[in-house]
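K.L.:
This structure is in structure tokens; I'll ask about it shortly.
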Amino acid sequence: MRHPFLLAGTLVVLASAAVAAAPREADTQRALRDAERANSDQKAAQRDAADRANRAAAKAMRLAHERIEAAARLRQAEASTADAAARIDALAQRRRDAEQRVQARAAALQPLLPLIERLSLYPAETLLAVPAPPDQALRGILVLQGLARQMEVEAEALRRDQADLDAATAALEQETPRLADAEAAQKAEADALDQQIAATRDDQAAAEAEANQAASQAALAASRMETLRSALASLEAQRKADEAKAREQARQAEKEKHTAEAAQARKREAIAARPSGTGTIAAGAGPHGQLQPPVIGVVVRGWGEQTDSGPATGLSYHAPPGARVISPCGGRVVFAEPFRSYGLLLIVDCGGGYHVVLAGFDRLDVKPGQSVLAGEPVGVMPNWEPGSTAKRPALYVELRRDGTPVNPAPWLRPAS
């Protein structure tokens, strides 16, 4: 039997230990609750961030579709401008042709005018002033009669040419206000679209900032290349490097259980692996009108036509003054910089190894790394004066597969 004092001591020790353990258990439970609350807060923050990202993506998509609709309205106004400009060009050319004919006939008649005037005023005196045998005088009279009839024909032709010139001038004067109205309607639609573009630019999603920055750096490196094919090869090499880097970052983040970082890295990997947006060309697809015409206008140089540097490897469009250019495909902007003799150059990765190359801009409205939908506005062409003889600006369009030009015509749907 244990000693009473020893038992009492043991009980005191146990009681003291229990009293000491109680605060530690409370601390542990409090720490557990704090950890659970922090974990819950973190999950709520992640859900909130995901919701914000989804709302931002939905808003970006809605704004993109609004820009496409605005661009479609603008293209209707541009079609009216193009029609009026074509009529102005035709009338101006008709007037120039009439002026040339009038000047040519007037120059031909000029040396004969003094003789004609004298004969009309003093026919007998003129003939008597030149002594000649009767037979020669008779021949002279017959020649003069023939000349008079020819002069009547020339005079009548001159009157017709002058009437044509006057009609062309009058028609040109009537057409000019119609062109002004069409240009005013085009400008109103263009201003509305520019406001949308400016608002969207101010509201760029932060989620794409890193990808856009990487794309801008890649575009800057490509701009130093000597040829377009080298630039595309540089962009493709950088894309593969970005994809590999993002894949490695995702693998490392998943290994370290950093879910949010892994998700972001996987997103960057997907962006690098293929362009986003609708309307992209699938790998192995054949040409059947997947691409939209980039501008309202007419093709003035087709694929394979002879140029100063050899057969054309693209299409060239004439468009109305200040026409808006849209992206022919959905995809990702990989280049939007000045490049060599092309001027402002835009390259959109359409997927499937295909890139659309556009040149001839006065202004670009997109940046490298930006996702675009088919039909979304990407830039503006220069202005020009309808009816003038100055060289008109043209939009150059190339389609390249794995860096090699292919005929874009079968890929482009007919203009509506």
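Every number here is computed from the coordinates shown, using simple stated rules; none is lab data. The shown structure was predicted, so the numbers you read here are calculated from the model rather than taken from an experiment. Cβ sites come from the backbone with ideal geometry, for glycine too, and all protein chains shown count toward neighbours.
K.L.:
Can you put E256, E183 in order of Cβ neighbours within 10 angstrom, beginning with the fewest?
P.N.:
Fewest-to-most Cβ neighbours within 10 Å comes out as E256, E183.
K.L.:
Separate question: Starting from the Cα of K391, draw a straight line to each of the lysines and keep only those under 28 Å, dropping any in the same chain fewer than 8 residues away.
P.N.:
Those lysines meeting the cut-off are K187.
K.L.:
Then there's this: Would you work out if the range 286-411 is rounded, prolate or oblate? Take a ≥ b ≥ c from the square roots of the eigenvalues of the alpha-carbon gyration tensor; rounded if a/c is under 1.5, else prolate when a/b is larger than b/c, oblate otherwise.
P.N.:
Because a/c hits 1.5 or more and a/b fails to exceed b/c, the range 286-411 counts as oblate.
K.L.:
Right, something else. Which of K59, K267 comes first, and how do the rest follow, when ranked by fewest Cβ neighbours within 10 Å?
P.N.:
So the residues, fewest neighbours to most, are K59, K267.
K.L.:
At 0.36 nm per residue, minus the direct Cα-Cα distance, what do R251 and R159 gain on full extension? Give it in nm, one decimal, please.
P.N.:
24.5 nm
K.L.:
Label R33 and A270 with points 7 Å out from Cα along Cα→Cβ: what is the distance between them in nm?
P.N.:
Simple spin-label model gives 4.0 nm for this pair.
K.L.:
For a footprinting-style exposure proxy, rank R159, R67, R101 by other Cβ within 10 Å, fewest first.
P.N.:
Exposure proxy ranking, most exposed first: R159, R101, R67.
K.L.:
What relative contact order, as a whole-number percentage, does the range 286-411 give when Cα pairs under 8 Å and 6 or more residues apart are counted?
P.N.:
For the range 286-411, the relative contact order is 29 percent.
K.L.:
Still on this structure: If I take R0 = 22 Å and measure r between the Cβ atoms of A244 and L220 in this structure, what FRET efficiency does the formula 1/(1 + (r/R0)^6) give, to the nearest 0.05?
P.N.:
That gives a FRET efficiency of 0.60.
K.L.:
Separation of the range 287-338 and the range 212-246 by C-alpha centroid, Å?
P.N.:
22 Å
K.L.:
What nm distance separates the two modelled labels at R229 and T389, each placed 7 Å from Cα along Cα→Cβ?
P.N.:
Taking the two extended label points, one gets 4.0 nm.
K.L.:
Taking K and R as +1 and D and E as -1, what net charge do the other residues with C-beta under 12 Å from the C-beta of V356 add up to?
P.N.:
Spelling it out: positives minus negatives among the neighbours equals +1.
K.L.:
Here is a follow-up. Along the Cα→Cβ direction, 7 angstrom out, place labels at H65 and A180. What is the inter-label distance in nm?
P.N.:
Distance between the two pseudo-spin positions: 4.1 nm.
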